[in-house]
Structures are given as C-alpha cells and as structure tokens.
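The values are calculated or read from the model by the stated rules, or taken from the named source; none is laboratory data. Please read all numbers here as calculations on a predicted model, not as lab measurements. Using ideal geometry, Cβ is built from the backbone for each residue, glycine included, and neighbour counts are taken over all protein chains shown. Only protein heavy atoms, including side chains, enter the accessible area calculation; ligands, DNA and RNA are left aside. Shrake-Rupley method; radii C 1.70, N 1.55, O 1.52, S 1.80 Å.
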Amino acid sequence: MKSFLGWQYNEMKQVGTDYNDVANVQAYDMQMQKLRDIKKENETIIKTLNLISDRTLIEFGTGTGNFAIEAAGQCKKVIAIDVSPQMLEFAQKKAGQKGILNVEFHNAGFLTYNHSGAKVDAVVSQLALHHLPDFWKLIALKRIFGMLKNRWEIFLKRYCLFF
Ligand SMILES: C[S@@+](CC[C@H](N)C(=O)[O-])C[C@H]1O[C@@H](n2cnc3c(N)ncnc32)[C@H](O)[C@@H]1O
C-alpha cells in the first residue's frame with residue numbers, strides 16, 4: 001500500500017465510477033465496445049505515433065487494456081499502468097488470451113509510477129487524465145515529459161522554431 005503525505009493527492013483512491021469493483025470493470029469493457037470504434041481509435045494512434053517494432057511506450061490509465069494489447073502487437077514493449085488492480089487483472093487476462101506477452105502491467109498512476117528503465121518513445125493516455133485535479137494534471141504532464149526519449153529535441157522543434 002502506497003502512503004501519501006497530507007498535501008499530496010492520493011490518486012489510488014477511486015473517484016466517480018469505482019473501477020476497483022469487478023462488475024464495473026466488466027460493464028465498462030462491454031459498454032466501450034458498443035459506444036466506441038476502438039479498433040479505429042487504436043489504428044489512428046498507432047499510425048500517428050509511427051509505432052514500429054523497436055519502439056517502447058507507456059500507457060497511463062490502460063483500463064481494460066484494449067490499446068496496450070493492440071500496440072504491443074506492433075512494437076517492442078508496452079508498459080501499461082493503472083491505479084485499479086481489477087482493471088489490470090482484466091487487461092492482463094485479455095492479453096494472455098490473445099497471446100500477447102510484451103505488456104508489463106503496473107499498479108500505479110500518473111503521479112506514483114516510477115520509471116526506472118530506458119526512456120520510452122511515446123506515452124499514451126485516453127480518458128484517464130481527467131481523473132486528476134487540474135494542478136496535479138500539470139505535475140503528471142511534467143513527469144511524463146521526463147519519461148520520453150529525445151524530449152529536448154521534441155520541445156525545441158515544437159516551441160522554439162517560432163523564435
Ligand atoms: C475511463 S477509464 C479509460 C480506460 C482506457 N484508457 C480506455 O480508453 O478505455 C479510466 C481509467 O483510468 C484509471 N485511472 C484513474 N485515475 C488514474 C491515475 N491517477 N493514474 C492512472 N490511471 C488512472 C482508472 O482506473 C481507469 O482504468
């Protein structure tokens with residue numbers, strides 16, 4: 001169990017829908033299959049990122065694992081992170097059923113995941129950052145920036161070409 005200082009935001013505590021409840025996890029997965037074109041969403045993200053076989057990526061708030069599993073089929077390794085152990089268990093089972101072995105699952109979040117390995121090529125998150133209050137969203141983005149390869153190159157290209 002992770003401990004938090006009084007002023008820190010406890011992201012492990014569920015807000016809104018309780019994704020620590022297995023019934024909610026199953027319902028979420030079924031509902032998303034109906035509401036969204038997940039296959040098309042995944043294809044678009046994978047194409048946009050130019051995800052090829054030597055690439056590694058982190059996904060925050062992986063949920064039931066649809067993106068992580070699809071991406072793992074195209075790249076070297078996916079690190080799938082979620083604060084809900086039940087979501088992770090569901091995603092892990094789905095990955096196993098599909099024979100996907102290159103997803104590493106971690107029970108942590110935007111604010112608590114400690115990335116110790118080599119920096120990654122991409123970080124993806126869908127429908128998860130809104131779980132954090134605004135101030136902590138900024139902290140999360142700063143942390144993500146520190147996990148990415150070539151971050152100064154990206155930063156310089158995006159923001160400094162205008163000067
Ligand atoms: C609405 S679901 C989205 C799941 C999946 N990304 C998708 O697109 O279907 C939000 C997910 O974010 C997770 N989550 C909530 N707060 C989080 C945090 N601080 N860090 C990482 N994941 C978080 C929840 O447990 C849940 O699995």
Is region 82-89 home to any residue that is surrounded by fewer than 21 Cβ atoms within 10 Å (Cβ to Cβ), of a type in the set (A, V, I, L, M) and within 10 Å of the ligand (Cβ to nearest atom)? no
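Conditions (1) open to solvent by less than 60 Å² (accessible area, probe 1.4 Å); (2) away from the ligand (no atom under 11 Å from the Cβ); (3) not β-branched (Val, Ile, Thr), marked per residue:
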| residue | (1), (2), (3) |
| --- | --- |
| Gln33 | no, no, yes |
| Asn42 | yes, no, yes |
| Ile45 | yes, no, no |
| Thr62 | yes, no, no |
| Asn66 | yes, no, yes |
| Ala72 | yes, yes, yes |
| Gln92 | no, yes, yes |
| Gly96 | yes, yes, yes |
| Asn107 | no, no, yes |
Could you list all residues from region 96-139 that are hydroxyl-bearing (Ser, Thr, Tyr) and out of contact with any strand residue (DSSP E or B) (no Cβ under 6 Å at 6 or more places or on another chain)? Thr112, Ser116
Residues being more than 14 Å from the chain's Cα centre (by Cα) and over 23 Å from Asp18 (Cα atoms) - total across region 53-89: 7
Scan the helices (runs of 4 or more DSSP H) fully inside region 2-86 and keep the ones with 3 or more residues being within 20 Å of Ile100 (Cα to Cα) and free of Cβ contacts under 8 Å to residues at least 60 places away in the same chain. 38-48, 66-72
Could you list all residues from region 112-124 that are of a type in the set (Gly, Ala, Ser) and surrounded by fewer than 18 Cβ atoms within 10 Å (Cβ to Cβ)? Ser116, Gly117, Ala118
Take Gly146 and tell me if it is closer than 23 Å to Asn42 by Cα and open to solvent by less than 60 Å² (accessible area, probe 1.4 Å). no
Which count do you get for residues in region 47-77 that are farther than 22 Å from Leu132 by Cβ, of a type in the set (Val, Ile, Thr) and in contact with a helix residue (DSSP H, G or I) (Cβ under 6 Å, 6 or more places away or on another chain)? 1
Which of the residues spanning region 90-100 are touching a residue at least 12 places away in the same chain (Cβ under 8 Å) and more than 13 Å from the chain's Cα centre (by Cα)? Phe90, Gln92, Lys94, Ala95, Lys98, Ile100
Tally time: how many residues in region 46-102 are aromatic (Phe, Trp, Tyr) and either touching a Lys or Arg at 6+ places or on another chain (Cβ under 9 Å) or farther than 25 Å from Lys137 by Cα (or both)? 1
Name the single residue that is nearest to Ile58 (Cα to Cα) among those in region 109-143 being away from the ligand (no atom under 12 Å from the Cβ) and among the small types (Gly, Ala, Ser). Ala122
Checking Leu138 against (1) farther than 23 Å from Cys75 by Cβ; (2) at pLDDT below 90: exactly one of these is not met. Which one? (2)
